[in-house]
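Q: One structure, pasted below without further comment.
The values are calculated or read from the model by the stated rules, or taken from the named source; none is laboratory data. Keep in mind that what you see is a predicted model, and the values were worked out from it rather than measured. When we count neighbours, we look across all protein chains shown, and the Cβ atoms used for this are built from the backbone with ideal geometry, even at glycine.
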Amino acid sequence: MTLRPARREDAPAVAEIWRSGWRDGHLGHVPDELVAARTDDSFDVRAVERAGDTVVAVVDGAVAGFVMVVGDEVEQVYVAAAHRGTAVAATLLAEAERLVGARGHGHAWLAVVAGNSRARRFYERSGWTDEGLFDHMAEGPDGLIRVPAHRYVKRVAAKP
Ligand SMILES: CC(C)(COP(=O)(O)OP(=O)(O)OC[C@H]1O[C@@H](n2cnc3c(N)ncnc32)[C@H](O)[C@@H]1OP(=O)(O)O)[C@@H](O)C(=O)NCCC(=O)NCCS
């Protein structure tokens, strides 16, 4: 497995992993308004727009997962279904934590919906702490959408 910054040509693979992983982690656990906003096309558009924030994991020449980091927030952690339960997720999360620290922050945070049990288990096993529920404001086509989520935090080594 290798990690590298996403390139523009990775966008279709990132979008496909994001689209199917988003359903796995969110359907039944988020407001209808957010489900309506996350159309199939929306993942193609955002994968291109967000390429600069994205690190991909490549296994056997194909994108197996990705993370997006913005400031001190780990915004997205997604692994293709075929690569779940392997080292891909932990490797991506460790890289996201390193990036947050390299940007001078002492803590990383992320939002995860209450019903996404697999992701929550993974974060807790990875040393993240659940700070409880808050209103996460997710981007939608017509503005921000309020999504109840848990805020998880982890101390990282800040390297200014
Ligand atoms: C979240 C994600 C990156 C984690 O990667 P992963 O490779 O699946 O993680 P792992 O298999 O190493 O760990 C998952 C843990 O949850 C457990 N688990 C699996 N299915 C579960 C379920 N339905 N409910 C609760 N726990 C579950 C696993 O047994 C494992 O725990 P263990 O290590 O104690 O055995 C990956 O599942 C994914 O991409 N999911 C879809 C996208 C998503 O929801 N991303 C997070 C958005 S915040």
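Q: Regarding region 26-41, can at least one residue be identified that is modelled with pLDDT of 95 or more and under 13 Å from the mean Cα position of the chain (by Cα)?
A: Yes, region 26-41 contains at least one residue that is modelled with pLDDT of 95 or more and under 13 Å from the mean Cα position of the chain (by Cα).
Q: Is it the case that Thr86 is touching a residue at least 60 places away in the same chain (Cβ under 8 Å), outside any strand (DSSP E or B) and either crowded, with 19+ Cβ neighbours inside 10 Å or within 13 Å of the ligand (Cβ to nearest atom) (or both)?
A: No, not satisfied.
Q: Modelled with pLDDT of 95 or more and on the phi > 0 side of the Ramachandran plot, is that true of Gly85?
A: For Gly85, the condition - modelled with pLDDT of 95 or more and on the phi > 0 side of the Ramachandran plot - is met.
Q: Within the set of pairs 6+ apart or on separate chains, which have a first residue in region 97-118 that is within 15 Å of the ligand (Cβ to nearest atom), a second that is of a type in the set (Asp, Glu) and assigned to a helix (DSSP H, G or I), and C-beta atoms under 9 Å apart?
A: Close Cβ pairs (under 9 Å, with a partner that is of a type in the set (Asp, Glu) and assigned to a helix (DSSP H, G or I)) amount to Ala108/Glu97; Asn116/Asp24; Arg118/Asp24.
Q: From the list Glu97, Glu124, Glu33, which one is in a helix (DSSP H, G or I), under 21 Å from Thr2 (Cα atoms) and charged (D, E, K, R)? Quick ask: steps written out before the conclusion?
A: Working: Glu124 fails: under 21 Å from Thr2 (Cα atoms); Glu33 fails: under 21 Å from Thr2 (Cα atoms).
Exactly one residue qualifies, and that residue is Glu97.
Q: Then there's this: Could you check, for region 108-121, whether at least one of its residues is among the hydroxyl-bearing types (Ser, Thr, Tyr) and either touching a Pro at 6+ places or on another chain (Cβ under 6 Å) or part of a strand (DSSP E or B) (or both)?
A: no
Q: For region 111-143, which positions are of a type outside the set (D, E, K, R) and closer than 23 Å to Val58 by Cα?
A: Once the filter is applied, which keeps residues that are of a type outside the set (D, E, K, R) and closer than 23 Å to Val58 by Cα, region 111-143 yields Ala119, Phe122, Tyr123, Ser126.
Q: Identify, from the list Gly140, Gly52, Gly132, Gly106, the residue that is at pLDDT 95 or above and either at positive phi or surrounded by 14 or more Cβ atoms within 10 Å (Cβ to Cβ) (or both).
A: Values: Gly140 fails: at pLDDT 95 or above; Gly52 fails: either at positive phi or surrounded by 14 or more Cβ atoms within 10 Å (Cβ to Cβ) (or both); Gly106 fails: either at positive phi or surrounded by 14 or more Cβ atoms within 10 Å (Cβ to Cβ) (or both).
So the residue among Gly140, Gly52, Gly132, Gly106 that is at pLDDT 95 or above and either at positive phi or surrounded by 14 or more Cβ atoms within 10 Å (Cβ to Cβ) (or both) is Gly132.
Q: Then there is this: Being modelled with pLDDT of 95 or more and surrounded by fewer than 18 Cβ atoms within 10 Å (Cβ to Cβ) is the requirement here; does Val67 meet it?
A: no
Q: Would you mention how many residues in region 119-145 are closer than 18 Å to Leu27 by Cβ and touching a residue at least 60 places away in the same chain (Cβ under 8 Å)?
A: Result for region 119-145: 4.
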